[in-house]
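Student: Provided herewith is a single structure, encoded as structure tokens, for subsequent inquiry.
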Amino acid sequence: MTSFMLVAGGYTAVVDTFSATLCSLEYEGRPLIVAHTPGVANVDYRGVVCAPWPNRLADGQYRFGGRHYQVPVNEPEKATALHGLGVFRDWEVMSNSNNEVVVALRLGSDAGYPFSVRVEARYMVSRDGLHAEIRGVNEGQTAAPYGSCPHPYLVAGSGCVNDWTLELEADHYLSVSPQRMLPTALTPTAEGPFDFRSGRGIEQMPIDNAFTGVAVSSRGRCIARLTACDGHGALLSWDPRAKWVQIYTGDHLRDNPRGGLAVEPMDCPPDAFNSGEDLVVLDPGAEHSLSWALEAF
């Protein structure tokens, strides 16, 4: 395990090769994410890269190309496989400099995912903030199911999630089963409790849901804006090819619950290996990328 400090334009980030983790990000000393200590087991998945699937996979099972596959169930209380196979593994350093690092992990050795996919995570800081990308490349001879997401917990300023305002222009969200947190229905945000289209305080509301139909800004990006009482905050933007974003208030974290808001742009929704919804299928030689950025305001 190796960690790197990236510095540019008032921004400082620390990236760990273990789980390709963004361990910290600050702007002029102000934290923009909940920090994680490099080299320490990340039981709350803060800042990790989730691939080759994001979120939860029911029973750790799926069918693809007419075959049945079983991956390890690492969330036994819900009987799901959580956050893919890239977590809790050490990624290889491909390149690094004072303000950029690229790490990679080659998949395919797991019986439950025997597809030769290389996943790369790139982090770069500049005066505009953090710029990041997750790229999956199929180096094998057969098609592969794929999806990814980053997993930062945003910090707007002083206080906690209860004190901050979220703005997210999304048309729909996924309702989930309370026992397993797996999708049950797609619900218009206007008809449920999670209408953040015009910005509203999160207060004590628990959220652990995926949103879709996110508006595209004039910059050609989807945006989630988290604001503290003093008007400062953190803005996360991403490529609209990632049609989903998971929002989690961190109620059940083992360390510092509700200390940050997880904002996770996703290629596909939870359990997409089974539903097929927006699932990325990588043909041999094909690649897919998810770009995202985080800046202070």
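The values are calculated or read from the model by the stated rules, or taken from the named source; none is laboratory data. Just so you know, these numbers come straight off a predicted model, no measurement behind them. With ideal geometry, Cβ positions are generated from the backbone for all residues, glycine too; neighbour counts draw on all protein chains shown. The protein model used for the area step is the full one, side chains on, heavy atoms only, and it has no ligands, DNA or RNA in it. Shrake-Rupley method; radii C 1.70, N 1.55, O 1.52, S 1.80 Å.
Student: Return the calculated 222 nm mean residue ellipticity for the chain, to the nearest 500 deg cm²/dmol, obtained by summing -39500 (n - 2.57) across DSSP H runs with n ≥ 4 and dividing by the residue count.
Tutor: The helix contribution divided over the chain gives 0 deg cm²/dmol.
Student: First compute the accessible area of the chain with a 1.4 Å probe, then give the percent of it belonging to carbon and sulfur atoms.
Tutor: Roughly 47 percent of what the probe reaches on the chain is carbon or sulfur.
Student: Say R0 is 45 Å: what FRET efficiency, to the nearest 0.05, do Ser275 and Asn98 get from their beta-carbon distance?
Tutor: On the way: r = 43 Å, r/R0 = 0.95.
Approximately 0.55, to the nearest 0.05.
Student: So, in nm, how far is label Phe297 from label Thr142 when the simple model puts each one 7 Å beyond its Cα toward the Cβ?
Tutor: Spacing of the two 7 Å Cα→Cβ label points: 4.7 nm.
Student: What are the residues whose amide H is under 5 Å from the amide H of Phe64, where those residues sit 5 or more places off or on another chain and H is modelled from the backbone?
Tutor: Tyr69
Student: Another question, if that's okay. Just to verify a number: FRET efficiency for Arg127 and Ala215, C-beta to C-beta distance, R0 = 35 Å, to 0.05? Show your work: numbers first, answer last.
Tutor: Details: r = 26 Å, r/R0 = 0.75.
Computed FRET efficiency for Arg127 and Ala215 comes out at 0.85.
Student: May I ask you to give the solvent-accessible area per residue for the chain, in square angstrom, as obtained with a 1.4 angstrom probe?
Tutor: The answer is 40 Å² per residue.
Student: Name the residues whose placed amide hydrogens come within less than 5 Å of the amide hydrogen of Val176, ignoring near sequence neighbours (fewer than 5 apart) on the same chain.
Tutor: Distant-sequence amide H within range of Val176: Thr184.
Student: Obtain the nm distance between the two label points defined at Cys229 and His68 by a simple spin-label model: each point lies 7 Å from its Cα along the Cα-to-C-beta direction.
Tutor: Once both label points are built, they end up 5.6 nm from each other.
Student: Return the sequence-ordered ³J(HN,Hα) values of the range 28-38 in whole Hz as given by the Karplus equation 6.51 cos²θ - 1.76 cosθ + 1.60 applied to θ = phi - 60°, using x for Gly and Pro.
Tutor: 6, x, 8, x, 10, 9, 5, 7, 10, 6, x
Student: Mind listing the phi-derived Karplus ³J(HN,Hα) values for the range 175-187, rounded to whole Hz, using 6.51, -1.76 and 1.60 with θ = phi - 60°, and x for any glycine or proline?
Tutor: Here the 3J(HN,Hα) series is 6, 10, 6, x, 7, 10, 6, 9, x, 10, 7, 9, 10 Hz.
Student: Amide H of Tyr153: which non-local residues (sequence gap of 5 or more, or other chain) have their own amide H closer than 5 Å, using H built in the peptide plane?
Tutor: Distant-sequence amide H within range of Tyr153: Val34, Gly47.
Student: Calculated FRET efficiency, Arg200 and Ser289, Cβ-Cβ r, R0 35 Å, to nearest 0.05? Mind showing how you got there, number by number?
Tutor: On the way: r = 32 Å, r/R0 = 0.92.
That pair, Arg200 with Ser289, gives E of 0.65.
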